[in-house]
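**Student:** Sharing a structure below in structure tokens format, with a few things to ask.
The values are calculated or read from the model by the stated rules, or taken from the named source; none is laboratory data. Keep in mind that this is a model prediction, so the values were computed, not measured. Cβ coordinates were reconstructed from backbone atoms using ideal geometry, including for glycine residues, and neighbour counts include every protein chain displayed. Accessible surface areas use protein heavy atoms only, side chains included; no ligands, DNA or RNA. Shrake-Rupley method; radii C 1.70, N 1.55, O 1.52, S 1.80 Å.
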Amino acid sequence: MAEESGTHSRSSCTIESSEGVTLDGRVYRPSWENNSSTVAVLVHPYSMLGGCQGLVRGIAKGLASRGVIAVTFDTRGAGKSSGRASLTRSSKINDVISVCKWVHTNFSTNRIVLIGSSAGAAIAGSAVDQVEQVVGYVSLEYPFGFTASILFGRHQKSILQSPKPKLFFMGTNDGFTSVKQLENKLKDAAGHNTTHLIQGATHFQMEGQAFDADVVNLILQFIATL
């Protein structure tokens, strides 16, 4: 399957993960020859609450229209990907690592930026230091709050201790993490960490497409610093 627009093209791909799982993915490419060696890999929100790669499609399209190849995929058990979703999520970390390795091989790049949304930010964060080619990390509404930490707390140590550059987006009305909780988590985090707060935005508004254009602009600025 291929989709063409004036600014980008989209094609389907199949990626093999661990334990014989097949992941259904999409590649968004600029419609012109570009010199960017950076590829963005996007990880969608929690699949057990309906998360799928379609929720990060707007950002992927925006990046491709501005010259950056973007890859999205459904983690195991979501969409058309095989396997079963797991509450432990360790298998989903393997899915992210497998996609990054596929990108490294198929695009001959040593510059991957991992972008995760909500639970996808937690899962992507656990993969950052397990893939040498990942040079930066972008979080959209990371679930740092107390209740969310019951499910995703074990992922936090990995990203907070990573020396790689990180960019954290969050709406000031996020229902899962307060601005103060975000600031406290990042206060002693390793590496260079940048935050961008979107005034008045809720967690689920950030998962929609209302702020995609702003997010794309800031991701591109972040990539330029890597």
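**Student:** Look through the stretch 145-159, keep the residues that are under 16 Å from the mean Cα position of the chain (by Cα) and at pLDDT 65 or above, and return whichever of them is most open to solvent (accessible area, probe 1.4 Å).
**Tutor:** Ser158
**Student:** Another question, if that's okay. How many residues are open to solvent by less than 50 Å² (accessible area, probe 1.4 Å) and farther than 24 Å from Ser37 by Cβ if we restrict to the stretch 203-226?
**Tutor:** Selection size over the stretch 203-226: 5.
**Student:** Restricting to the stretch 172-191, name every residue that is of a type in the set (A, V, I, L, M) and either open to solvent by 40 Å² or more (accessible area, probe 1.4 Å) or under 15 Å from Ile159 (Cβ atoms) (or both).
**Tutor:** Correct list: Leu182, Leu186, Ala189, Ala190.
Each row is one residue, and each column tells you yes or no for (1) without any contact (Cβ under 8 Å) to a residue 24 or more places away in the chain; (2) farther than 23 Å from Cys52 by Cα.
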| position | (1), (2) |
| --- | --- |
| Gly136 | no, no |
| Glu141 | no, no |
| Gln161 | no, yes |
| Val179 | yes, yes |
| Asn184 | yes, yes |
| Gly200 | no, yes |
| Asp212 | no, no |
| Ala224 | yes, yes |
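**Student:** Just a yes or no: is a residue in the stretch 11-28 modelled with pLDDT under 95 and closer than 19 Å to Ala213 by Cα?
**Tutor:** No.
**Student:** Just to be sure I understand, how many residues within the stretch 65-122 are basic (Lys, Arg), free of Cβ contacts under 8 Å to residues at least 24 places away in the same chain and within 21 Å of Glu141 (Cα to Cα)?
**Tutor:** Number of matching residues: 0.
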